[in-house]
Amino acid sequence: MQRIVTAELDLELGSSVDLIFQITAAQPAPVVREELTFLQGDRVYTATEVVDQSGSRLHRLQGESGLLRVSYEATIDGSATQRATSDLEAITYLRPSRYCQSDEVFGQARRQFRGLQGRELIAAVSEFVATSTTYTPGLSQGTDSAVTTLMTGQGVCRDYAHVVIALLRAMDVPARYAACYAPGLRPMDFHAVAEAYHDGSWYVIDATRLANRRSLVRIATGRDAADCAFLSYHGGHVGLQRMRVDAYVVPDDASDVDAIDAAAAASDPTLDDFGALVQLA
């Protein structure tokens, strides 16, 4: 399955500032074509790439005052090979984190999901968050946590993911956050999902039910949204003037009706069996 992903950001830099981006497909995605540019007037910046232990690719540069245009486009063909998970990594994803306070939701999780484990537990947590939370763009704050979302019952994709992660960790299941491109997502944007560790593999949970998990493209992986921000900066002011994100599935054969239908199905969230265990491609 071939997917094309793009991102464009126009940033107004108020002064010299240290910029760190996470907008490229993570390793080891089978990228067959990729272009990442940082342009300011006639100046082209070359960013330093840093790859973390989970394959997330960070691009860092020192920007100067003025309008910086960032552009990324990539074609991904096929699925990535799952990375092996170390004991230390699994332990890290059991601990409470900034936005996923599993210690604070411990009592609720233990009462609500008592007796469940494995696949049944993952499915129950996914269903609970999907049915108890209302998707409300524009109302969620960047500092909202899993506890906040459980209290308000509303949020966006990052909030859904945080609640899933916190509840699973409270039930002794390693869980992590993944930022990704999501073909078929409406409204189109960067997307966030959770992943649960079960029988030696990671399985993706999208409690928003807004994307087909089989077509997702991983950008970054971490404890929560703090580890996976598409942009972080230090030492200056940055204003986001414009952002455009897109992702879509390309038919294997544009002249084949079945191939066209298969591509459309891969990006249709209504065709995802959200009770099934699916790995992030």
> Here are some residues: Tyr203, Tyr181, Tyr177. Which one is under 26 Å from Asp87 (Cα atoms), buried (at least 24 other Cβ atoms within 10 Å of the Cβ) and among the hydroxyl-bearing types (Ser, Thr, Tyr)?
Replying inline: Tyr177
> Quick check, is Arg214 exposed (fewer than 13 other Cβ atoms within 10 Å of the Cβ), within 25 Å of Arg57 (Cα to Cα) and either in contact with a Lys or Arg (Cβ under 6 Å, 6 or more places away or on another chain) or among the basic types (Lys, Arg) (or both)?
Replying inline: no
>> Take residues that are of a type in the set (Lys, Arg) and modelled with pLDDT of 95 or more and tell me which of the strands (runs of 3 or more DSSP E) falling wholly in segment 181-227 contain 1 or more.
In response: 217-222
>> With the requirement that a residue be touching a Cys at 6+ places or on another chain (Cβ under 9 Å) and farther than 18 Å from Pro96 by Cα, what does segment 113-166 give you?
In response: Tyr135
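Looking for something within 12 Å of the chain's Cα centre (by Cα) and surrounded by 21 or more Cβ atoms within 10 Å (Cβ to Cβ) - is there at least one such residue anywhere in segment 241-250?
So in segment 241-250, the residues within 12 Å of the chain's Cα centre (by Cα) come out as none.
Scanning segment 241-250, I find no residue that is within 12 Å of the chain's Cα centre (by Cα) and surrounded by 21 or more Cβ atoms within 10 Å (Cβ to Cβ), so the answer is no.
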> Within segment 109-145, restricting attention to residues that are under 21 Å from Leu277 (Cα atoms) and of a type in the set (Phe, Trp, Tyr), which residue is farthest from the chain's Cα centre (by Cα)?
Replying inline: Phe113
>> So in segment 72-124, with the set limited to residues that are touching a Phe, Trp or Tyr at 6+ places or on another chain (Cβ under 9 Å), polar (S, T, N, Q) and closer than 20 Å to Tyr177 by Cβ, which one is surrounded by the most Cβ atoms within 10 Å (Cβ to Cβ)?
In response: Ser97
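From Ala90, Ala109, which residue is small (Gly, Ala, Ser) and under 19 Å from Arg218 (Cβ atoms)? Show your work before the answer.
Details: Ala109 fails: under 19 Å from Arg218 (Cβ atoms).
It is Ala90.
Looking at segment 165-195, which of its residues are over 14 Å from Leu216 (Cα atoms) and not charged (D, E, K, R)? Quick ask: steps written out before the conclusion?
Step one: list which residues in segment 165-195 are over 14 Å from Leu216 (Cα atoms), which gives 165-176, 187.
Of everything in segment 165-195, those that are over 14 Å from Leu216 (Cα atoms) and not charged (D, E, K, R) turn out to be Ile165, Ala166, Leu167, Leu168, Ala170, Met171, Val173, Pro174, Ala175, Pro187.
The values are calculated or read from the model by the stated rules, or taken from the named source; none is laboratory data. In this text, all values refer to a predicted model and were calculated from it rather than measured experimentally. As a convention, Cβ positions derive from the backbone with ideal geometry for all residues, glycine included, and neighbour counts pool all protein chains shown.
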